[in-house]
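All remarks here apply to the structure that follows.
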Amino acid sequence: MRVYLTGFMGSGKSTLGQSLASALSYRFVDLDEQIVKKEGLSISEIFETKGEAYFRVVESDVLQSITGDKLVIALGGGTFCSDENIAFIKKTGISFYLYLNEDELLTRLSELKDGKRPLLNGLDKAGIQSLINDKLRERKDYYLQADYTVDGTLSVESLVKLIKHQLK
Ligand code: S3P
């Protein structure tokens, strides 16, 4: 069994993933971290030096090279937005979309200034808002193909309970 977590940047996939993995006694895998390890560059450096198209190829390769079972995998915000990746994810596990609306994402992403998200680099609040609107419009139909959509505003504790229940 593999559990995949998808959703927009800042929706809490990694935080939830760690708690969920420990509650299930599964191993936690953060896809972005695996990409950083493989490339020896930060996500921002990959975007800057090699471009987003290159990042997407590596992201897909790294996803498909994950081995093992009993895993909780936090995907990147764009991983679930490719038919090829979705097909692989559906073949190998169950997926949960951590849904937050535009306003909730804006609040979270405006507070997040860790420099780890190249798509947000250099954007002010209005810029973040238009990025969220544009990307969500493009991505919504992909995210909604996840097996379950869950309310990302719930506490991590409630989400863990809810997901554990769905897995029974
Ligand atoms: C991206 C989300 C990021 C990371 C990269 C691109 C996206 O992951 O993969 O910066 O396209 O939404 P998080 O969702 O973990 O921030």
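Taking one quarter of the surface of the C-alpha convex hull of the chain gives a mean projected area of 9.0 nm². Figure legend: label point modelled 7 angstrom from the Cα of Glu138 along Cα→Cβ; residues of the stretch 72-92 with amide N under 17 Å from it are 76-86. Sites listed here are trypsin sites (Lys or Arg not before Pro) in the stretch 72-125 whose DSSP assignment is loop and whose Cβ has at most 11 other Cβ atoms within 10 Å: Lys113. Test of understanding: in a Gaussian network model of the chain with alpha carbons linked when under 10 Å, which of Gly76, Gly115, Gly93 would top the mean-square fluctuation ranking? Looking only at Gly76, Gly115, Gly93, the largest GNM fluctuation is found for Gly115. Between Ala87 and Glu157, residue separation times 0.36 nm minus the direct Cα-Cα distance comes to 22.3 nm.
Note that the stretch 32-87, at 20 °C in a medium of 1.002 mPa s, gets a Stokes-Einstein diffusion coefficient of 182 µm²/s from its Kirkwood radius over C-alpha pairs.
Within the stretch 1-73, list the trypsin sites (Lys or Arg not before Pro) lying in a DSSP loop whose Cβ has at most 12 other Cβ atoms in a 10 Å radius. Those that pass, being in a loop and sparsely packed, are Lys70. What's the whole-number percent of alpha carbon pairs in the stretch 122-167 lying beyond 14 angstrom? Counting pairs separated by more than 14 Å, the tail of P(r) holds 65 percent.
Rule-based calculations on the coordinates, nothing more; no lab input. Since this is a predicted model, take the numbers as computed values, not measurements. Counting neighbours? That spans all protein chains shown, and the Cβs are built from the backbone with ideal geometry, glycine included.
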